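Asks: Submitted below is the structure of interest, expressed as structure tokens.
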Amino acid sequence: MSRLFVVIPAAGHSRRMGEPKLLLDLGGKPIIVHLLESLLASTDVSRIVIVVRQDDRELLELLEQNAHERVTLITPASDPPEMKDSIELALAALDLWETPTWEDSWALIPADHPLMAPETFQELCEAWRDSPAKILIPTVEGEGGHPTFFRWPISEEVARLPADQGLNTIVRAYESRVERWETTAEELLFDLDTPADLERARQWWSQRQSND
């Protein structure tokens with residue numbers, strides 16, 4: 001049976017937010033906890049790997065307080081300079097720990113995507129299970145969002161990327177084998193970078209709660 005691993009880069013410095021954004025409150029819970037709960041609600045996920053800076057003590061303490069058997073933290077000796085470096089570290093660790101096969105796959109979602117509902121993620125997992133594609137990207141009116149799903153063998157190509165190139169290079173190389181899964185779940189496009197983004201997230205969350 002194939003397995004799905006999730007990679008969460010969480011080693012940024014939140015410079016545009018001006019404070020540690022993954023710890024910010026959204027509906028009574030920290031941003032990162034919302035994301036983890038949505039991912040862990042799916043039994044499709046075998047393991048989640050989160051890459052965190054060693055000096056980000058508050059985030060590490062929060063994640064340790066919310067420990068789960070399917071969540072593993074990586075704290076590299078030196079800070080990953082780019083998101084791609086965090087992804088590469090997580091994939092290398094998964095390769096060592098899990099010995100993935102060509103049937104397995106991995107999903108990438110940055111840590112600052114708190115609005116994805118559990119049911120939306122499960123729909124994505126089911127679409128991925130049924131897809132023959134090498135890569136699946138959720139899209140809203142043609143605009144790509146997260147999480148993005150990859151067949152495991154593509155992980156080897158991440159390690160070979162030049163320093164000045166990101167995962168978009170791989171997506172372009174596989175363009176004919178990419179499925180763009182269209183959805184109306186606009187929250188898949190949302191990431192949290194600025195105080196204005198936080199205010200929008202809180203408004204969106206409040207509206208969703210009143211609709212439930």
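The numbers here are math on the coordinates, done by the rules we state, and not lab data. Since we're looking at a predicted model, the values are computed, not measured.
Asks: Quick check: residue separation of A196 and E141 times 0.36 nm, minus the Cα distance between them. What number comes out in nm? Working shown, then result.
Replies: Values: separation 55, 0.36 × 55 = 19.80 nm, distance 2.31 nm.
Working it through step by step, the gained length comes to 17.5 nm.
Asks: Something else: Which value results for Rg/Rh of the stretch 1-122 when Rg is the Cα radius of gyration and Rh the Kirkwood radius based on the inverse mean 1/r? Could you put the intermediate results ahead of the total?
Replies: On the way: Rg = 14.0 Å, Rh = 14.8 Å.
Using only Cα positions, Rg/Rh for the stretch 1-122 is 0.95.
Asks: So which lysines can K134 reach, going by Cα to Cα under 22 Å and dropping same-chain residues fewer than 8 places off?
Replies: Partners found: K84.
Asks: From the helices alone, meaning DSSP H stretches of at least four residues, give me the mean residue ellipticity at 222 nm for the chain, per-run term -39500 (n - 2.57), in deg cm²/dmol to the nearest 500. Present the calculation step by step, with values, prior to reporting the outcome.
Replies: Details: 7 runs with 77 residues, N = 212.
For the chain, the value works out to -11000 deg cm²/dmol.
Asks: What whole number of Å gives the distance from the Cα centroid of the stretch 30-106 to the Cα centroid of the stretch 122-163?
Replies: 17 Å
Asks: Using Cα pairs under 8 angstrom and six or more residues apart, how large is the relative contact order of the chain, in percent?
Replies: Details: 322 pairs, mean separation 54.4, N = 212.
Over the chain, the number comes to 26 percent.
Asks: For a distance above 19 Å, tell me the whole-number percent of Cα pairs in the stretch 58-117 that qualify.
Replies: Values: 759 of 1770 pairs.
Value for the stretch 58-117: 43 percent of Cα pairs lie more than 19 Å apart.
Asks: Take the Cα gyration tensor of the stretch 84-181, multiply each eigenvalue by 5, square-root it, and list the three semi-axes largest first, rounded to whole angstrom.
Replies: Values: eigenvalues 85, 50, 43 Å².
Listed largest to smallest, the semi-axes of the stretch 84-181 are 21, 16, 15 Å.
Asks: With both bridge residues required to lie in the chain, what share of the DSSP beta bridges run antiparallel, to the nearest 5%? Intermediate values should be presented prior to the final figure.
Replies: On the way: 10 of 29 bridges.
Around 35 percent of the beta bridges assigned by DSSP in the chain are antiparallel ones.
Asks: Pull up all non-local amide H partners of V51: gap of 5 or more, or a different chain, and H-to-H distance under 5 Å with H placed in the peptide plane.
Replies: I8, A10, I74
Asks: If you stretched the chain out fully between S78 and D25, how much longer would it get, using 0.36 nm times the residue separation minus the C-alpha to C-alpha distance? Don't skip to the end; give the middle numbers.
Replies: Details: separation 53, 0.36 × 53 = 19.08 nm, distance 2.82 nm.
My answer for the length gained is 16.3 nm.
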